[in-house]
Structure formats: structure tokens, C-alpha cells
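See below for the structure under consideration.
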Amino acid sequence: MASPILFFSVLLAASSDASYALILGIGLAGWWLAAPNAEQPASPPSAYPLRSLLLVCIGVLMLAHLVRPWFLAASMSGSTGFAENLALAPTILSSTHQGTLWYLNSLGLAILLVTVLLGRKPVAIWSAIGALCLIAFAKAASGHAADQGDFTLTELTQLLHILATAVWAGSVLISGLIILPRLARHAGIATLWTYGNRLSQTVTWALIVLVLSGIYTSDRELNNSLPALWTSTWGKILLIKVAFVLAALSLGATSRLFCLQRPATGRRTTLLLRLILAEAIVMVFILCLSGLLANTAPPMANM
Ligand code: HEM
């Protein structure tokens with residue numbers, strides 16, 4: 001793939017992965033904020049700019065979706081010609097597997113937008129979850145994991161990977177960049193600690209799913225050959241990504257062990273905010289590396 005096309009394809013993948021993760025993260029943050037507990041009244045999610053941020057993320061996802069047929073054409077034709085690839089896009093949409101998935105993703109995005117406009121009604125929440133699963137399926141089925149057909153174990157595993165990684169990446173991004181700093185300024189320290197523990201517990205479950213799914217998909221795409229991890233370009237990108245994941249993991253573990261599992265104090269609050277902000281920044285690198293991985297041919301493709 002010509003380098004400018006590769007650069008913009010990775011940017012497209014990373015920005016849509018980040019927006020998707022943020023949408024899931026905002027949903028979870030709203031839920032954790034709204035859930036009261038014994039000591040603390042609920043802190044109203046409306047006190048946070050979650051709804052407008054949600055609409056911005058859906059906007060970015062839709063924009064990435066609208067330009068995707070051109071990039072599909074560019075990766076198939078190998079040309080960077082704007083008009084040439086634009087002319088190819090209708091054929092791709094009408095007669096390829098990627099075209100069918102594009103329409104499926106359009107449906108998911110339309111349902112997601114309607115549910116956000118409907119607000120927090122129970123039907124809206126379940127439709128939003130359905131739409132997010134549909135978008136994750138379309139993504140898993142349009143990536144390398146679907147090279148051996150649809151509804152395979154590899155594709156299902158990649159679907160679980162996309163959902164679990166969005167839970168971790170999305171909840172850490174929204175909490176580290178917006179929620180926790182605001183809770184520290186406007187709510188009691190106990191509310192912040194309750195929110196932090198809900199975040200940490202949920203991320204722990206997501207972590208189990210994403211590591212197992214990540215290892216399975218990696219093994220498949222490395223053609224079950226470990227040396228390909230350090231001899232192939234795809235393998236080397238994966239190694240760098242896993243190094244960043246280990247950094248995020250150690251930041252998360254430090255927040256949990258040295259802050260959240262101890263009594264809340266001013267000093268620990270400052271440390272917690274810094275650790276989760278650092279984890280959010282590392283997450284941005286992981287999402288960019290995941291976008292690069294998705295746009296690089298894995299060893300399995302050379303079979
Ligand atoms: C915070 C942790 C992680 C995040 C946020 C993350 C995120 C993602 C995302 C968004 C994708 C889809 C990329 C795309 O199609 O555009 C992906 C794909 C993938 N991830 Fe992860 N991931 C994480 C951890 C891991 C780990 C620990 C492993 C390996 C053990 C792993 C292995 C993979 C593989 C093999 C793919 C498929 C790439 C391809 O399509 O060729 N990921 N990841």
C-alpha cells in the first residue's frame with residue numbers, strides 16, 4: 001500500500017477504534033456515576049459533557065465509515081488516484097464482502113445515533129448495546145481475522161477482543177481525561193474512590209477476555225509459528241503493542257494496589273489522577289499500534 005494511503009488508513013482505523021472505545025467508555029461512566037451506593041448519593045451524569053462527547057464520537061465514527069469505501073478501493077487498486085478509486089467504490093459496495101459489511105456497519109451506526117437521541121430510556125440502552133455489538137462484528141468480519149471465512153472461532157474471538165479492548169481503552173480514556181479530574185474538583189473523595197473501584201473491577205474482567213482473545217488471534221495470524229513474532233513486520237508491531245499493553249497494565253495495577261485498595265487521602269487522590277491519565281495516554285499509543293497492525297499483512301496471509 002502506498003505510504004500516504006497507509007498513513008491515512010492507520011489514522012482512520014485508530015480514530016474510529018478510539019471513538020468506538022470512547023462511546024463504550026462514556027456509557028459505562030454514565031452508569032457508574034448514576035449508580036448510588038450506601039455512603040454516597042448518585043452524582044448526576046448530566047453534570048458531565050458526556051452527551052455532546054458521545055455525539056462527537058458518533059460523528060467521527062460516521063465520517064470514518066463514509067470515507068472507508070475510498071480506502072478499500074485504494075488498497076484493492078494499489079492506486080492513489082482520487083477519481084479512480086471513487087469510481088471503484090460503488091462496485092466494491094455492491095459486489096464484495098467488504099461492501100456487505102459496510103451496509104451492516106451503516107445500520108449499526110444509524111441505530112446508535114437514534115438511541116443516543118432517545119436518551120436513557122431502557123429500550124435505548126439495549127438498542128445501543130445491540131448496535132455496538134453489530135459494529136464490532138462488522139469490524140471483526142472486515143479484518144484479517146475473517147480471512148478464513150465468516151462465523152469462525154477466529155472471527156468470534158476478534159469480536160470479543162474488539163469489545164473487551166473498547167471497555168478497557170474507552171473507560172480509561174474518559175475517566176482519566178474527564179470524569180476523575182471533575183470528580184476530584186466537584187464531588188467528595190468517597191465518590192471518587194467508589195467510581196475508581198468500579199472502573200478497576202470492570203477493567204479487570206475486560207482484561208481477561210482481551211488477553212485470551214489477543215493471544216488466540218495472534219497465534220492464528222502468526223500461522224502458529226512463534227519465530228514469526230520477531231521475523232515478520234506484523235509480529236514486530238504486535239510485540240511493540242504488547243509492550244505498551246504491559247505498561248498500561250502496570251499503571252492500572254499501581255492505581256489499584258497503592259490507591260484504590262487503601263483509604264482515600266488527598267495524596268493518594270493526586271497519585272490516582274496522574275496514574276490514570278498516564279494509562280489513558282498509553283492507551284492512545286495502543287490504539288494507533290492496533291490500527292497499524294490491522295493495516296499490515298500478517299504471516300497467515302502469506303499461506
Ligand atoms: C489495552 C489493550 C489492547 C487494546 C486497546 C487493543 C485494541 C485492539 C483493536 C482496536 C484491534 C482492532 C484493530 C483494527 O482492526 O483496526 C486489535 C486487534 C488485534 N489485537 Fe489488540 N488490543 C489490546 C491488547 C492486545 C493484546 C494483549 C494482544 C496480544 C496478546 C492483542 C492482539 C491483537 C491482534 C492479533 C489483533 C488483530 C490485528 C489484525 O487485524 O491483524 N491485542 N486490538
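The values are calculated or read from the model by the stated rules, or taken from the named source; none is laboratory data. Note that the structure is predicted; figures quoted are calculated from it, not measured. Ideal geometry is used to build each Cβ from the backbone, glycine not excepted, and the neighbour counts take in all protein chains shown. The accessibility values were calculated without ligands, DNA or RNA, using every heavy atom of the protein model including side chains. Shrake-Rupley method; radii C 1.70, N 1.55, O 1.52, S 1.80 Å.
At a glance:
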read-out: Pairs with Cβ under 9 Å, 6+ apart, first in segment 26-43 and closer than 21 Å to VAL56 by Cα, second surrounded by fewer than 16 Cβ atoms within 10 Å (Cβ to Cβ) and modelled with pLDDT of 90 or more; value: GLY27/ILE129
read-out: 3 or more residues within 19 Å of HIS161 (Cβ to Cβ) and out of contact with any strand residue (DSSP E or B) (no Cβ under 7 Å at 6 or more places or on another chain): qualifying helices (runs of 4 or more DSSP H) within segment 190-303; value: 233-255, 266-294
read-out: Test: residue in segment 192-207 that is within 12 Å of the ligand (Cβ to nearest atom), open to solvent by 70 Å² or more (accessible area, probe 1.4 Å), at pLDDT 95 or above and not aromatic (Phe, Trp, Tyr); value: no
read-out: Condition met for ILE215 (more than 19 Å from SER171 (Cβ to Cβ), within 9 Å of the ligand (Cβ to nearest atom) and of a type outside the set (S, T, N, Q)); value: yes
read-out: Subset of segment 109-127 [surrounded by 21 or more Cβ atoms within 10 Å (Cβ to Cβ) and either among the small types (Gly, Ala, Ser) or free of Cβ contacts under 8 Å to residues at least 40 places away in the same chain (or both)]; value: THR115
read-out: Where a residue in segment 218-246 is open to solvent by 70 Å² or more (accessible area, probe 1.4 Å) and its partner, wherever it lies, is modelled with pLDDT under 95 and within 8 Å of the ligand (Cβ to nearest atom), with Cβ under 9 Å and at least six apart; value: THR233/THR296
read-out: Odd one out for ALA187 among (1) touching a residue at least 60 places away in the same chain (Cβ under 8 Å); (2) within 16 Å of the ligand (Cβ to nearest atom); (3) over 18 Å from the mean Cα position of the chain (by Cα); value: (2)
read-out: Check on ALA131, hydrophobic (A, V, I, L, M, F, W, C) and surrounded by 20 or more Cβ atoms within 10 Å (Cβ to Cβ); value: yes
read-out: Among the residues listed as LEU88, LEU101, the single one being at pLDDT 95 or above, open to solvent by less than 70 Å² (accessible area, probe 1.4 Å) and in contact with a helix residue (DSSP H, G or I) (Cβ under 9 Å, 6 or more places away or on another chain); value: LEU101
read-out: Among the candidates ARG268, ARG256, ARG274, residue that is more than 8 Å from the ligand (Cβ to nearest atom), within 25 Å of GLY25 (Cα to Cα), under 23 Å from the mean Cα position of the chain (by Cα) and free of Cβ contacts under 8 Å to residues at least 12 places away in the same chain; value: ARG274
read-out: Index of the failed condition, LEU72 passing every other in (1) more than 21 Å from GLY149 (Cα to Cα); (2) in contact (Cβ under 8 Å) with a residue 12 or more places away in the chain; (3) within 23 Å of the chain's Cα centre (by Cα); value: (1)
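For (1) part of a helix (DSSP H, G or I); (2) in contact with a helix residue (DSSP H, G or I) (Cβ under 9 Å, 6 or more places away or on another chain); (3) within 18 Å of ASP17 (Cα to Cα); (4) within 10 Å of the ligand (Cβ to nearest atom), each residue gets a yes or a no:
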{"position": "ALA128", "(1), (2), (3), (4)": "yes, yes, yes, no"}
{"position": "CYS133", "(1), (2), (3), (4)": "yes, yes, yes, no"}
{"position": "PHE137", "(1), (2), (3), (4)": "yes, yes, yes, no"}
{"position": "ALA140", "(1), (2), (3), (4)": "yes, yes, yes, yes"}
{"position": "ASP150", "(1), (2), (3), (4)": "no, yes, no, no"}
{"position": "LEU156", "(1), (2), (3), (4)": "yes, yes, yes, no"}
{"position": "ILE162", "(1), (2), (3), (4)": "yes, yes, yes, yes"}
{"position": "THR165", "(1), (2), (3), (4)": "yes, yes, yes, yes"}
